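The values are calculated or read from the model by the stated rules, or taken from the named source; none is laboratory data. The structure displayed is predicted, hence computed values, not measured ones. Cβ coordinates were reconstructed from backbone atoms using ideal geometry, including for glycine residues, and neighbour counts include every protein chain displayed.
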C-alpha cells in the first residue's frame with residue numbers, strides 16, 4: 001500500500017496522533033489534574049527531557065493538550081488535557097484491559113517477548 005493511501009486511513013491517522021511509547025502515558029498522567037513539566041518528568045523517570053519536550057509539543061500541536069503559561073517569576077507552565085483528549089480515556093482503558101489479557105497470556109504461555117521494560121502498574125486504575 002502506498003504511503004499516500006495510508007494517510008487516508010483513519011487508523012493510521014489516529015496512531016500518528018497518539019502513537020509512540022510516551023504519549024498515552026503522558027495523557028494518562030494528566031487525566032486527573034494539570035501538571036508541570038518537572039512533575040511529568042518525575043512521574044515518567046525513563047523519558048529524557050528532550051523526548052518529553054518533543055512529545056508535549058506534538059500533543060499541543062495536535063490539540064490533545066493545552067500549554068498554559070503564567071506570568072510569574074520563576075516562570076510556570078502547566079499542561080492539561082483538552083476535551084478532544086478526554087475522548088481517548090475509554091480507548092486507553094480498553095487498551096489497558098487488552099494489555100492485561102496479553103500479560104496474563106504471556107505469563108501462562110511465555111509467548112510475548114520480554115523487552116526489559118517494566119510497567120509501573122498492572123492496569124491504568126486512574127482512568128476510571
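If a residue has to be part of a helix (DSSP H, G or I) and either at pLDDT 85 or above or under 17 Å from residue 51 (Cβ atoms) (or both) to count, how many in the stretch 4-31 make the cut?
The qualifying residues number 16.
Is there a residue being under 15 Å from residue 19 (Cα atoms), in a helix (DSSP H, G or I), out of contact with any helix residue (DSSP H, G or I) (no Cβ under 8 Å at 6 or more places or on another chain) and at pLDDT 90 or above anywhere in the stretch 72-89?
No; the residues of the stretch 72-89 include none that is under 15 Å from residue 19 (Cα atoms), in a helix (DSSP H, G or I), out of contact with any helix residue (DSSP H, G or I) (no Cβ under 8 Å at 6 or more places or on another chain) and at pLDDT 90 or above.
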